[in-house]
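Any read-out appearing in this document is the output of simple, stated calculations on the displayed coordinates, not a laboratory observation. Values in this document were obtained by computation on a predicted structure and should not be read as measured data. Cβ sites come from the backbone with ideal geometry, for glycine too, and all protein chains shown count toward neighbours.
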Amino acid sequence: MERRLAAILAADVVGYSRLMGRDEAGTLARLEGLKAEILDPLIARHRGRVVKLMGDGFLVEFASVVDALACALAWQDAVEVRASQVSEDRALRFRIGVNLGDVMVKGNDVYGDGVNVAARLEGMAEPGSVLVSRTVFDHAKGKVNAVFKDLGERELKNIAEPVRVFRVSMESQATGAPALATTAPKSRRRPVIAVILVLLVVAASATLWQRPWEPREEPASIERMAFPLPDKPSIAVLPFTNLSDDPSQEYFVDGMTEDLITDLSRISGLFVIARNSSFSYKGRQVRVRQVAEELGVRYVLEGSVRRAGDEVRINAQLIDATTGGHLWAERYDRKLDNIFAVQNTITERIVQALELHLTETEQEHRVEGPQTTSIEAYDLVLKARTLMTRFDHKAAAEARDLLQRAVEIDPAYTEAFGLLGFYYFDEWRVWGRKRDQNLSRALELATTAVRLSPADPAPHVLLALVYQWRREFDAANVEADTAIALEPGDAITLSNLGSMLVYAGRAKEAAVAIEQAIRLDPFHPPTYLEWLGNAYWLLGDNGRCVEVAERGVALNPDYVSLHVVLAVCYAALGKEEEARAAAAEIVRINPRFTLKAYSSYVPYSDDGDLQRRDDLLRKAGVPE
């Protein structure tokens with residue numbers, strides 16, 4: 001494969017989807033006219049070569065960086081002149097990125113970071129602007145009549161090192177002097193050729209919109225994967241990048257990513273890595289190959305979100321990590337109140353690309369649409385989610401207030417009721433507020449969530465947990481059976497289900513649920529190993545119990561419940577010294593820990609299981 005140094009110009013039309021939605025035929029005609037009358041002559045004049053053209057995207061190669069930048073500036077200037085001649089809702093404007101770098105050449109295509117950086121710069125650019133890399137600045141300064149504004153170093157997706165970015169404008173524009181307008185040459189196209197070209201553009205836009213010039217990723221090695229690939233399509237959704245000018249919009253972007261993970265995890269024919277593991281890559285420069293090998297998946301979805309007022313722009317692309325190829329890429333410019341439709345469309349694209357077959361229930365769920373149509377309530381839930389992931393009591397209380405407002409705005413918002421129910425349940429179980437009204441409130445909210453969305457397993461699991469802790473064991477088992485029948489594909493739901501099944505004495509089912517949760521969430525919290533260790537103890541497999549509990553202690557040495565598991569299992573194995581060491585760790589971490597308080601707290605359905613556990617902890621030396 002040939003390699004060479006080249007200047008790459010990447011450009012796309014701002015708000016193309018919106019323009020097409022309003023006037024498809026007119027937009028296509030205006031774009032084709034602009035291309036033939038202005039852009040093609042400009043590119044030719046600056047000795048450029050069009051590498052790819054599809055829909056609203058252009059990729060152009062130049063041998064000279066000066067030619068590339070001069071072309072980009074003239075492009076934006078000429079396009080603005082054309083835009084001023086039509087109404088604002090019909091105007092075509094572009095974002096442009098230019099980079100100078102090494103590229104790989106195969107046939108007429110070019111690949112590599114030289115191309116990738118240009119595409120990333122274009123995605124960051126404001127409408128009508130040109131962004132360039134440091135290499136362009138170094139080679140073009142003093143040779144082009146332009147003003148460069150240093151924007152500092154930026155982290156670009158899938159680019160190993162930060163790139164220094166510059167915004168470029170013509171000197172005449174920077175000083176306020178009138179810019180020279182390029183006179184558009186008269187069209188010499190024959191009508192038949194014009195029709196054919198328009199039809200070609202229509203055909204291109206009707207297919208999956210993708211950027212074929214995006215570089216192929218380095219393929220992942222199936223042999224190096226940390227886990228065997230599942231027997232069905234597997235995917236990790238990386239945290240979308242926040243490209244908004246306002247860093248406080250991070251919660252909104254994270255919430256969108258979480259929603260995509262949740263929607264995909266509801267598809268039984270798809271294996272979806274949990275949010276916890278996907279978000280471990282947030283803010284890190286990682287290769288798709290690395291993600292796939294560490295998580296044991298074939299496909300990776302990545303993207304970015306730019307929110308400004310009531311406008312939102314979303315980019316998403318699906319990559320087959322085992323080949324490095326992009327299956328599709330899509331860009332959406334929408335009003336904020338259309339955000340749910342975009343999320344649904346991205347999910348549908350993945351279903352189509354992976355040729356998944358939805359069950360009748362899954363199809364019905366998709367037809368039902370989003371849980372809420374209120375952007376305000378949705379925004380409150382996204383903020384609450386972020387707060388609840390901090391595992392901080394003060395942040396949880398803030399989340400509670402937000403969720404209460406959300407259910408007041410939309411009394412049919414299932415997720416808001418479910419999260420609020422988990423808040424009150426955690427008040428009882430995690431934060432030690434052992435007041436009956438907390439469990440009663442959790443029960444009320446969980447019941448409402450089940451009524452609003454009976455096919456969602458998560459509210460049924462919450463009900464099972466609440467009933468178990470209320471010692472209403474028959475009701476707890478009914479809800480657990482219902483959740484299992486609904487086949488939860490979410491790691492948190494499965495781990496919560498596993499913890500309830502441990503207390504219910506259903507150890508084999510508990511182990512299956514928690515092992516599945518661990519595979520879905522390879523970077524799981526230590527709680528998963530606490531419940532798995534308990535399940536193995538109930539099954540009489542004390543060796544495996546010790547093994548998983550030790551793994552959990554390695555994750556968090558001060559997590560007292562894991563030392564409780566170790567004390568029980570070491571005592572069951574007759575390893576007195578190790579059992580006493582675990583008991584000493586329990587007292588070190590929590591000097592007020594007593595056997596009596598512990599026994600009155602845990603909700604075992606079978607008093608025999610509780611008695612055996614107490615005897616083993618007593619044998620290990622835990623204070624009475």
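Between helix 436-452 and the chain there is an angle of about 50 degrees, using the helix long axis and the longest principal axis of the Cα atoms.
Excluding same-chain neighbours fewer than eight residues apart, the aspartates and glutamates reachable from K619 by a Cα-Cα span under 19 Å are D541, E576, E577, E578, E585, D607, D609. By the rule of a C-alpha distance below 27 Å, with chain neighbours fewer than 8 residues away ignored, the lysines paired with K52 are K35, K106, K157, K186.
Counting charges near P459 (Lys, Arg +1; Asp, Glu -1) among other residues having Cβ under 13 Å from its Cβ returns a value of -4. Taking a ≥ b ≥ c as the square roots of the eigenvalues of the alpha carbon gyration tensor, the range 525-624 is rounded, as a/c is under 1.5.
How much of the DSSP bridge set in the range 222-368 is antiparallel, in percent, rounded to the nearest 5? If you can, show how the numbers build up before the last one.
On the way: 20 of 27 bridges.
If we restrict to bridges inside the range 222-368, about 75 percent are antiparallel.
Counting other Cβ atoms within 10 Å of each Cβ, which trypsin sites (Lys or Arg not before Pro) in the range 376-480 have at most 15 and sit in a DSSP loop?
Within the range 376-480, the qualifying trypsin sites (Lys or Arg not before Pro) (loop, at most 15 other Cβ atoms within 10 Å) are R390, R433, K434, R435, R471.
Sorting 249-255, 353-359 by average packing, meaning the other beta carbons within 10 Å per residue, from highest down gives 249-255, 353-359.
The long axis of helix 65-83 is offset from the longest Cα principal axis of the chain by roughly 90 degrees.
Ranked by the mean number of other Cβ atoms within 10 Å of their residues, highest first, the peptides 277-285, 120-128, 482-490 come out as 120-128, 482-490, 277-285. Taking only C-alpha pairs under 8 Å that are 6+ residues apart, what is the relative contact order of the chain in percent? 8 percent. Within a straight-line Cα-Cα reach of under 15 Å, K335 can be paired with the following aspartates and glutamates, leaving aside sequence neighbours fewer than 8 residues apart in one chain: D89, D310, E311, E376, D379.
Put the Cα centre of the range 589-606 next to the Cα centre of the range 54-114 and the gap is 67 Å. Put the Cα centre of the range 334-360 next to the Cα centre of the range 425-479 and the gap is 31 Å.
Once the Cα atoms are used to define both axes, helix 473-485 deviates from the longest principal axis of the chain by about 30 degrees.
Given the chain, what percent of its DSSP beta bridges are antiparallel, to the nearest 5? It would help to have the intermediate numbers written out before the result.
Details: 59 of 69 bridges.
The antiparallel proportion sits near 85 percent.
Can you tell me the order of 596-602, 286-292, 339-345, 554-560 when each peptide is scored by its average per-residue count of other Cβ atoms within 10 angstrom, highest first?
Descending packing order for the listed peptides: 286-292, 339-345, 554-560, 596-602.
Matching the structure-derived Cα Rg over 2.2 N^0.38 Å against the labelled list (1) 1.21; (2) 1.00; (3) 1.14 gives the label (3).
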